[in-house]
Amino acid sequence: MSKKYELLLVLPGTFDDKEVVGKADEIVNMVKELATDVELNSMGKNRLAYPIKQIRYGYFHAITFTAEPAALKVLEDKLRLHREVLRFLVSHFSTNLTAQQKIAYTTDASGITRMVERENTVFTPAVTPGLAPEVKAEKLNIEEINKKLEDLIGGEVAGE
């Protein structure tokens, strides 16, 4: 029984754009040999959390595909042998977001980070996880801020 999977792939940031496209296409063709409905989504170049093989940046790609569970073992073995792949992760692809995935963080122009709920509750591969609509911050002057603080502090504390 075929299932839908997602392959997260990290290629070295030392490649130029043409090399990255070529390597990504090479890996997509490798996946197409074993799977159907293959779709590549490039997520761009990002800094890695820690250096891998003395490389600090990587090109991230998400490949969604439908395959038999037995084909995953073959695909993972081929990816392990591919020298240009820094890291990869194959997981079940689910279109429903969990409660944690519905929450995103956004930073406004004043540098304030807020937690917001995503508008769409269905994940689409074209949307990069972790991005949310921008929240507009209210412009307050110092008098309004002081008044709000007085209202908060001056009010009775619950339980006293």
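The values are calculated or read from the model by the stated rules, or taken from the named source; none is laboratory data. Since the model is a prediction, treat every value here as computed from it, not as a measurement. Glycine gets a Cβ as well: all are built from the backbone with ideal geometry, and neighbour counts include every protein chain shown.
Only one of 104, 126 is at pLDDT below 90 and in contact with a Gly (Cβ under 7 Å, 6 or more places away or on another chain). Can you tell me which? I'd like the intermediate steps shown before the answer.
Working: 126 fails: in contact with a Gly (Cβ under 7 Å, 6 or more places away or on another chain).
After ruling out the rest, the residue left standing is 104.
Just need a number here: residues in segment 4-24 that are touching a residue at least 12 places away in the same chain (Cβ under 8 Å) and in contact with a Leu (Cβ under 9 Å, 6 or more places away or on another chain).
The initial filter retains those residues of segment 4-24 that are touching a residue at least 12 places away in the same chain (Cβ under 8 Å), namely 4-15, 20, 23-24.
Now drop any that are not in contact with a Leu (Cβ under 9 Å, 6 or more places away or on another chain), which leaves 5-13, 20, 23-24.
Qualifying residue count, segment 4-24: 12.
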### Message
Just checking, does segment 42-57 include any residue being among the aliphatic types (A, V, I, L, M), under 14 Å from residue 12 (Cβ atoms) and outside any strand (DSSP E or B)?
### Response
no
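Surrounded by 12 or more Cβ atoms within 10 Å (Cβ to Cβ), modelled with pLDDT of 90 or more and not in a helix (DSSP H, G or I), is that true of residue 10? Full working, then the answer.
Details: surrounded by 12 or more Cβ atoms within 10 Å (Cβ to Cβ): yes; modelled with pLDDT of 90 or more: yes; not in a helix (DSSP H, G or I): yes.
For residue 10, the condition - surrounded by 12 or more Cβ atoms within 10 Å (Cβ to Cβ), modelled with pLDDT of 90 or more and not in a helix (DSSP H, G or I) - is met.
Condition check ((1) within 16 Å of residue 89 (Cβ to Cβ); (2) touching a Phe, Trp or Tyr at 6+ places or on another chain (Cβ under 8 Å)) across all residues:
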{"site": "4", "(1), (2)": "yes, yes"}
{"site": "7", "(1), (2)": "yes, yes"}
{"site": "18", "(1), (2)": "no, no"}
{"site": "26", "(1), (2)": "no, no"}
{"site": "33", "(1), (2)": "no, no"}
{"site": "41", "(1), (2)": "yes, no"}
{"site": "44", "(1), (2)": "no, yes"}
{"site": "52", "(1), (2)": "yes, no"}
{"site": "64", "(1), (2)": "yes, yes"}
### Query
Among (1) exposed (fewer than 11 other Cβ atoms within 10 Å of the Cβ); (2) modelled with pLDDT of 90 or more, where does residue 74 come up short?
(1)
